[in-house]
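The values are calculated or read from the model by the stated rules, or taken from the named source; none is laboratory data. Small disclaimer: the values here were computed from a predicted structure and weren't measured. Here the Cβ is made from the backbone with ideal geometry for all residues, glycine too, and neighbour counts use every protein chain on show. Quick note on the areas: whole protein, heavy atoms, side chains included, nothing else; ligands and nucleic acids left out. Shrake-Rupley method; radii C 1.70, N 1.55, O 1.52, S 1.80 Å.
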Amino acid sequence: APAKKKAKAPAQSGGGTFKAPDANEIAEIARTQQLYKSNLFRLQLEQVLKEISPKAKPPPELESFLKGLKDVLESLATRTVPGEFAKQYPNVKFHSDQPMPLEFRAPKRIDVVGSFLLGTYLRSETVVDVAMELPMEPFQDKDYVNFRYLNKRAAYTAEVFRQLEAFASCAATTKAEKVGKALLADASVKIASIQGDLYRPCIELRPFGKASGDEARWVVRLLPVAAPDCLPVQKLAPVRNSVRAITSNPDGGDEAWLPTAHYNSSLLEDTKMRSHLELLHKSLTRVPALREAIFLLKRWASARSFLLKKSASAVCTPLNGFCLSILAAHASQTSNVAAGHTSSFQLFKLALTVLSSTEWSTQKITFGSATPTPLTEAEKSACGAHFYDSEGNLNFFWRLGPFIAEIGQEAKRCLHILDTQSDPYEAVFGQQSSSPCLLWDVTIRTPILGPGSLCPALARRSLPTDFAPTPSDAPQALAIAARMSEVLRRGLGDRCIQCAPRL
């Protein structure tokens, strides 16, 4: 008898066969429905991540430059810098003259740090941070007091700049001079500042200043940092005083010294740069989705003019990529989601939840601790926003006091949009206008502030007693931003829905 023919399964239009979804596909469908709300929004997120993620590899010329730069920095000549730093380096800001000379030596250690090494920089970000660890010999036990460390740090930075600049015009008789001249032949070197604080200088190098290709966009920043044991960490706690001129009693006295939380945190930043790099590296290794979550946070913050942009006319807040990276790492560590199964968008929402659910005027966050803790009265008067490292010493958000309320409100608004709208992409990640006049009903501009307006602890400001107390060592720009916001809220009452200070 002839063999029976088997019935064929109906074919799809594309030539394939129908097949039931497997467990992974079912999980992806459920995730799209529950987390992303729609396929369109998920596709938009995937596309924007492709657009803002860095390319696979930086230019090979940049890697060669960084390797050569390390050799050049290690070969810098030893020199005794006279105590009158301002006369030696007129282009650098100093708080006061140093009575003792500075024994300059080559950096003790040189490391690439920051988002470039971690791979968390956006494609539009073309800055490579290189940490130069200052040798211990020039520093004394009490240098953390009264700007002494900052004066020596500025002098050290200026001397590095002087020697690097000299390589371009030297006769190149020694091996070190030949290497330096060849490396810096096409580079431009200049003094810059960290977060606008002219008393904390750094060095910016454009390795390929005369080139016209993709590599010409890159900037290498040399950041002077202190060794972990160079400064006494416990004496730089947020409620301690390190600037003796800041006192509530003109006659002086230990009992009259006020906290210098901003000044202390600015010094601690120099001692913890490498440890924070290691912390972020461990978090990125443990949670693979964390890197893309940081990309989404940067896109969200940049769309609201929270981050500094390259445009000279753009306004910003002191929020930076490092703060967002630490925030995302904290959210990933304190969440109950399995590290291998969480998504970047889920971590993004968790980070926004931390910003929106914390009552920053009365609570503080400690890295790795899921529950905010109440602020003490001393902490309330010392700073406006509190997000501390796991030891409770360095405040990551010390610059964000007048700005944290708006950042928290915007995070809360975006979470509501994500939970209620089916197509929230433009409202959350779409680029807004960078002009304040197009975004706000009333725009108030202050006169141009002085060079020390972003430096902590430069001057005391006496405010009327009926105003909320300003932190005693707050930079001038931050103090003015807080004061103006409070004046507008009091004067306009219910008509003032939101104040948005910008720098």
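Without any contact (Cβ under 8 Å) to a residue 60 or more places away in the chain and either assigned to a helix (DSSP H, G or I) or basic (Lys, Arg) (or both), is that true of Lys235? Against the criterion (without any contact (Cβ under 8 Å) to a residue 60 or more places away in the chain and either assigned to a helix (DSSP H, G or I) or basic (Lys, Arg) (or both)), Lys235 does not qualify. Residues in the range 126-171 that are free of Cβ contacts under 8 Å to residues at least 24 places away in the same chain and not polar (S, T, N, Q) were compared, and the one that is farthest from Asp97 (Cα to Cα) is Ala171. Total residues in the range 361-377 satisfying the condition of being open to solvent by less than 20 Å² (accessible area, probe 1.4 Å) and not aliphatic (A, V, I, L, M): the figure is 1. Checking each residue in the range 70-98 for being aliphatic (A, V, I, L, M) and touching a strand residue (DSSP E or B) at 6+ places or on another chain (Cβ under 7 Å) picks out Leu73, Val81, Val92.
Out of Leu62, Leu69, Leu73, which single residue is part of a helix (DSSP H, G or I), surrounded by 13 or more Cβ atoms within 10 Å (Cβ to Cβ), modelled with pLDDT under 90 and hydrophobic (A, V, I, L, M, F, W, C)?
Working: Leu69 fails: modelled with pLDDT under 90; Leu73 fails: modelled with pLDDT under 90.
The match here is Leu62.
Of the strands (runs of 3 or more DSSP E) lying entirely inside the range 93-137, those containing at least 2 residues that are farther than 14 Å from Phe322 by Cβ and either open to solvent by less than 20 Å² (accessible area, probe 1.4 Å) or in contact with a Pro (Cβ under 8 Å, 6 or more places away or on another chain) (or both) span 102-104, 127-133. Residues in the range 176-210 that are under 17 Å from Ser75 (Cβ atoms), aliphatic (A, V, I, L, M), out of contact with any Gly (no Cβ under 8 Å at 6 or more places or on another chain) and open to solvent by less than 40 Å² (accessible area, probe 1.4 Å): Ala176, Leu184, Val189, Ile203, Leu205.
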